[in-house]
């Protein structure tokens, strides 16, 4: 798939063709933004994320408040179907397979080209901040203040992270990493005021307001969020992860936050992190990432159920550990934590029992019925028509069955 690496922009339609073998960064953004001053809804949480998996699973990024998910901006898909036929499908041609590929995972064919909407991209404002644990309550208050302002061109992600500190004596270091984004040269006055009033350990800014600078500020998949830890006078260096490690994401889907729920989630993460020492843990965090209740108001139908009445967003949870011997402990822990957070979120009115799980952050073993909910029967019918021999069973990901499940 790495040979499918072209980005072709069409000025007459402002659409762009993107090869599935590319990364968003470095890759798509480098070829699109500087030359054409246009951008797409892609991955923005870290460098190194692939286009294909991101689009097949949904695609939350820092522009979700403005444009919805990546799949909401897909206009056509070139796909090799399980029988070998190559087709270009869209809403007006091959609508059922087009609908299924938007969030349906590796179940319906091999995508060889995505055609996506673009939008103008000018200067941006971005600031990454690290806070010490003593200010966690103030950061949560700042998140709550930001939520009340509802500015669609902005985005805030905050990771409350626990990692082993370097040195001879094992201890766990806690840090909150906040990323403040505004899609313009400067945010409205006081939009991020509460964050900027809290003392920081270190901060990084996109000084020249470019998209590339923003992406360069983000830790990669092999780094924790303790960037520049030594700048506050301690002897702690940046804590890069070892070359070899194991890990998983999971998530709980939310429709809103409350101050009480945020506080409870952070306290739970701290409690779980106490096992990092005894079970080879390298990182544990909860990502409090509040998105707008109106982000899906223009979302077209797709395999993953979302729309104006279902504006759910993920609370990502990530754990990394060193050895295979600790797989069972951490996978069981992640499953238990996910369910505990989900149940408390329901109690607090922050989600509903039927919220669809986000494909790209679903924990291993998640039943596909929990991902696709009311859309699963239609997806089963489509797969049975296009993949009667089960060719796509050879691929990874969550498997949509070829037959309707027994009730």
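Across the range 61-88, the number of residues qualifying as on the phi > 0 side of the Ramachandran plot and touching a residue at least 24 places away in the same chain (Cβ under 8 Å) comes to 1.
Residues that are more than 23 Å from residue 360 (Cβ to Cβ) and outside any helix (DSSP H, G or I) within the range 318-349 comprise 322, 323, 348, 349, listed in sequence order.
Of all residues being without any contact (Cβ under 8 Å) to a residue 40 or more places away in the chain and either buried (at least 18 other Cβ atoms within 10 Å of the Cβ) or out of contact with any helix residue (DSSP H, G or I) (no Cβ under 7 Å at 6 or more places or on another chain) (or both) in the range 331-362, which is farthest from residue 312 (Cα to Cα)? Just the residue, please. The extreme case among them is 332. Being under 19 Å from the mean Cα position of the chain (by Cα) and not in a loop (DSSP other than H, G, I, E, B) is a property that residue 373 lacks. Does the range 245-252 contain any residue that is at negative phi, part of a strand (DSSP E or B), buried (at least 20 other Cβ atoms within 10 Å of the Cβ) and out of contact with any helix residue (DSSP H, G or I) (no Cβ under 8 Å at 6 or more places or on another chain)? So far as the range 245-252 goes, no, none of its residues is at negative phi, part of a strand (DSSP E or B), buried (at least 20 other Cβ atoms within 10 Å of the Cβ) and out of contact with any helix residue (DSSP H, G or I) (no Cβ under 8 Å at 6 or more places or on another chain).
When 290, 259 are checked against the criterion of being surrounded by fewer than 15 Cβ atoms within 10 Å (Cβ to Cβ), touching a helix residue (DSSP H, G or I) at 6+ places or on another chain (Cβ under 8 Å), at pLDDT 95 or above and in the same structural domain as residue 185 (by TED's automatic domain parsing), 259 stands alone in meeting it.
Okay, residues lined up against (1) at pLDDT 95 or above; (2) under 27 Å from residue 326 (Cβ atoms); (3) not assigned by TED's automatic domain parsing to the domain that holds residue 61; (4) not in a loop (DSSP other than H, G, I, E, B):
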residue	(1), (2), (3), (4)
157	yes, no, yes, yes
160	yes, yes, yes, yes
169	no, yes, yes, no
174	no, yes, yes, yes
178	yes, no, yes, yes
184	yes, no, yes, no
194	yes, no, yes, yes
226	no, yes, yes, no
243	no, yes, yes, no
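For the range 363-377, filtered to residues that are farther than 17 Å from residue 334 by Cβ and in contact with a helix residue (DSSP H, G or I) (Cβ under 8 Å, 6 or more places away or on another chain), the residue that is surrounded by the most Cβ atoms within 10 Å (Cβ to Cβ) is 372. Would you say residue 60 is part of a helix (DSSP H, G or I), at pLDDT 95 or above and crowded, with 24+ Cβ neighbours inside 10 Å? So residue 60 fails the test.
From the residues in the range 262-281 that are in contact (Cβ under 8 Å) with a residue 60 or more places away in the chain and more than 17 Å from residue 350 (Cα to Cα), which one is surrounded by the most Cβ atoms within 10 Å (Cβ to Cβ)? Within the range 262-281, the match that is surrounded by the most Cβ atoms within 10 Å (Cβ to Cβ) is 281.
Across the range 42-49, not a single residue is classified as in contact with a strand residue (DSSP E or B) (Cβ under 7 Å, 6 or more places away or on another chain) and within 16 Å of residue 300 (Cα to Cα).
When you scan the range 1-46, how many residues do you find that are in a helix (DSSP H, G or I) and loosely packed, with under 15 Cβ neighbours inside 10 Å?
Residues flagged as in a helix (DSSP H, G or I) and loosely packed, with under 15 Cβ neighbours inside 10 Å within the range 1-46 amount to 3.
What is the residue count in the range 32-44 for residues that are over 14 Å from the mean Cα position of the chain (by Cα) and farther than 15 Å from residue 117 by Cα?
Looking only at that region, the number is 2.
The values are calculated or read from the model by the stated rules, or taken from the named source; none is laboratory data. The structure displayed is predicted, hence computed values, not measured ones. Methodologically, a virtual Cβ is constructed for each residue, glycine included, from the backbone with ideal geometry; neighbour enumeration extends over all protein chains shown.
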